[in-house]
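S.K.: One structure, as structure tokens, below. Some questions next.
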Amino acid sequence: MNLAILIRAELTEAGKDYKYVWLTIFFILLGFTQPLINMYLDIILQQLGGTIGVILDPNKPPPTSSEIFLSTVSGQFNQIGLIILIISFMGLITTDRQSGMQDFILTRPVSIYSYVHAKLIAHWLISMFSIFFGILASYLYTVYLFGSFPFLKLLSFSILYSLWILYLVSLVLVISVYIKQQILIAVLTIGVAFFLLVIKGLSPTFLYFLPSSILDVATHQISGAHDVHNSSVVCCLLITVAHLIWASKKLKQH
């Protein structure tokens with residue numbers, strides 16, 4: 001019961017800050033960006049080719065709709081989208097601490113675990129609400145411009161991608177129990193996230209156990225291009241749970 005009340009409070013507070021509105025609009029715009037770039041890039045390069053020395057390969061096959069959609073996720077959502085998303089919830093612990101709300105809540109009959117779980121679930125739901133609309137916008141616009149691919153594959157991708165977002169929220173939680181400055185929390189989280197995104201493609205051996213490797217499993221649902229191991233899903237969930245336990249134990253010591 002306490003967990004449900006805390007989640008509802010977090011969701012209500014996000015509504016007061018219009019987070020559902022501006023974050024959703026932001027991801028929808030990101031979702032439109034990559035299809036537009038792919039649609040008009042050749043025309044732009046043809047116009048500029050004579051002056052900047054760009055040579056277009058006439059035999060290059062056009063990208064498929066699934067490739068364009070995946071480039072939206074890797075090129076937009078996992079770069080500028082990830083940065084803005086982390087900034088949007090960088091204060092999920094520190095704001096409560098600075099306002100005294102954390103002490104107020106934890107002096108009530110509310111467990112530390114309920115408090116931490118509510119933060120994770122609420123901010124994951126807020127994030128996925130906005131991201132899903134961005135994914136849907138990108139899918140519909142890509143299908144309109146370049147042709148379709150199965151919607152069920154999109155749903156499978158979205159579910160797996162949501163686990164990566166769940167991990168990121170848990171990472172912010174852990175960093176937040178040690179650091180008080182919101183901007184430093186955001187910088188560290190973004191740094192770790194980009195580091196994981198970069199190194200996941202360097203070695204095919206132990207990197208299946210990185211949380212970021214779940215993105216390859218998600219991509220495989222649409223393209224089938226990656227040799228994936230489902231252990232990536234388990235490892236991502238286990239690390240997320242470990243972050244929850246870690247953050248809860250650290251808060252108990254305060």
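S.K.: When Rg is the radius of gyration of the Cα atoms in the range 145-248 and Rh is its Kirkwood radius, what does Rg/Rh come to?
M.R.: Rounded to two decimals, Rg over Rh is 1.03.
S.K.: Using a 1.4 Å probe and ignoring any ligands, DNA or RNA, find the accessible area of ARG108 and quote it in Å² to the nearest 10.
M.R.: 110
S.K.: Please report the carbon-and-sulfur percent of the accessible area for the chain; probe 1.4 Å, protein heavy atoms only, DNA, RNA and ligands left out.
M.R.: 68
S.K.: What do you get when you divide the Cα radius of gyration of the range 152-191 by 2.2 N^0.38 Å, with N the number of residues?
M.R.: In units of the 2.2 N^0.38 Å rule of thumb, it is 1.49.
S.K.: If you average the sequence gap of Cα pairs under 8 Å that are 6 or more apart and divide by the length of the chain, what percent do you get for the contact order?
M.R.: Relative contact order, the chain: 26 percent.
S.K.: Next question. Find out how many positive minus negative residues lie around TYR139, taking Lys and Arg as positive, Asp and Glu as negative, among other residues whose Cβ is under 15 Å from that of TYR139.
M.R.: With Lys, Arg at +1 and Asp, Glu at -1, the neighbours total 0.
S.K.: Do the sum for the chain: with -39,500 (n - 2.57) for every DSSP H run of n ≥ 4, divided by all residues, what is the mean residue ellipticity at 222 nm, to the nearest 500 deg cm²/dmol?
M.R.: The helix contribution divided over the chain gives -24500 deg cm²/dmol.
S.K.: Once you list every other residue whose beta carbon is under 12 Å from the beta carbon of GLU10, what net charge do they have if Lys and Arg are +1 and Asp and Glu are -1?
M.R.: +1
S.K.: Further, regarding this structure: What accessible area per residue comes out for the chain, rounded to a whole number of Å², with a 1.4 Å probe?
M.R.: 51
S.K.: Given the Cα-Cα distance of TRP246 and SER156 and 0.36 nm per residue of separation, how much length would full extension add, in nm?
M.R.: That works out to 29.4 nm of additional length.
S.K.: Ordered by packing density, taken as the mean number of other Cβ atoms within 10 Å over each peptide's residues, highest first, how do 5-14, 145-154, 188-197, 124-133 rank?
M.R.: Result, highest mean Cβ count within 10 Å first: 124-133, 188-197, 5-14, 145-154.
S.K.: Once the other residues with Cβ under 9 Å from the Cβ of ASP103 are scored (Lys, Arg +1; Asp, Glu -1), what is the net sum?
M.R.: 0
S.K.: May I pose another question? Evaluate the charge dipole of the chain about its Cα centre and quote only its size in Debye, nearest 20, assuming +1 on the Cβ of each Lys and Arg and -1 on the Cβ of each Asp and Glu.
M.R.: My answer is approximately 780 debye.
S.K.: Pull up the cross-link candidates among the lysines for LYS19, meaning alpha carbon to alpha carbon under 17 Å and not fewer than 8 places away within one chain.
M.R.: Qualifying lysines at Cα under 17 Å: LYS119.
S.K.: Only loop residues by DSSP count here, and only those with at most 14 other Cβ atoms within 10 Å; note down the chymotrypsin sites (Phe, Trp or Tyr not before Pro) in the range 1-42 that meet that.
M.R.: TYR18
S.K.: I'd like the Karplus ³J(HN,Hα) series for the range 18-30: coefficients 6.51, -1.76, 1.60, θ = phi - 60°, whole numbers in Hz, and an x wherever there's a Gly or Pro.
M.R.: For the range 18-30, the Karplus-derived couplings read 6, 5, 4, 7, 6, 6, 5, 4, 4, 6, 5, 5, 4 Hz, x marking Gly and Pro.
S.K.: Would you mind checking the tilt of helix 231-252 against the longest principal axis of the Cα atoms of the chain, expressed as 0 to 90 degrees and rounded to 10?
M.R.: Approximately 30 degrees, to the nearest ten.
S.K.: Let me ask something else. Counting pairwise Cα distances across the chain, what percent come out greater than 25 angstrom?
M.R.: 49
S.K.: I've got another one for you. Lys pairs in the range 131-254, Cα-Cα under 28 Å, at least 8 apart or on separate chains: how many?
M.R.: Value for the range 131-254: 4.
S.K.: Could you tell me which residue out of TYR115, SER156, GLY91 lies farthest along the dipole of the chain toward its positive end? Charges go on the beta carbon: Lys and Arg +1, Asp and Glu -1, centred on the Cα centre.
M.R.: The residue sitting most towards the positive pole is TYR115.
The values are calculated or read from the model by the stated rules, or taken from the named source; none is laboratory data. The model shown is predicted, which means the values in this text are computed figures rather than measured ones. Ideal geometry is used to build each Cβ from the backbone, glycine not excepted, and the neighbour counts take in all protein chains shown. Areas reflect the complete protein model, heavy atoms only, side chains present, ligands, DNA and RNA absent. Shrake-Rupley method; radii C 1.70, N 1.55, O 1.52, S 1.80 Å.
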